[in-house]
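Derivation of every value follows stated rules applied to the coordinates shown; laboratory data play no part. All of these numbers come straight from a predicted model, not from anything done at the bench. We place every Cβ from the backbone using ideal geometry, glycine too, and count neighbours over all the protein chains shown.
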Amino acid sequence: MNSGKVCVSVCAETLPIMLDRARQSGSQADIVELRLDGLTPEELDRFALSAGRFILTLRPTEQGGNSRLSPDERKRFW
């Protein structure tokens, strides 16, 4: 059986509109794609400056985190 997911693609010329649309789409989709190619060059620069650099983690309790997911559940998440 297919347990597919729904992805909504969000495209806009400005960052505020894109983020607003992404928030609206979040209730209708399992995942939201942010289409940066729709931003004007000025807005793309603004996005790059505001986004910063991130490292995402999902640490289990044995690594000092709060996640109680099993290793298999964590692998599925990623």
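Side notes on the structure shown:
- Inter-probe distance in nm under a simple model that places probes 7 Å from Cα toward Cβ, at C7 and L49: 3.0
- Kirkwood radius, the chain, all distinct C-alpha pairs, inverse of mean reciprocal distance: 15.1 Å.
- Summarising the amide proton neighbourhood of S67: residues at separation of 5 or more, or on other chains, whose placed amide H is nearer than 5 Å comprise R59, T61.
- Helix 15-25 axis, angle to the chain major axis (alpha carbon atoms, nearest 10°): 50
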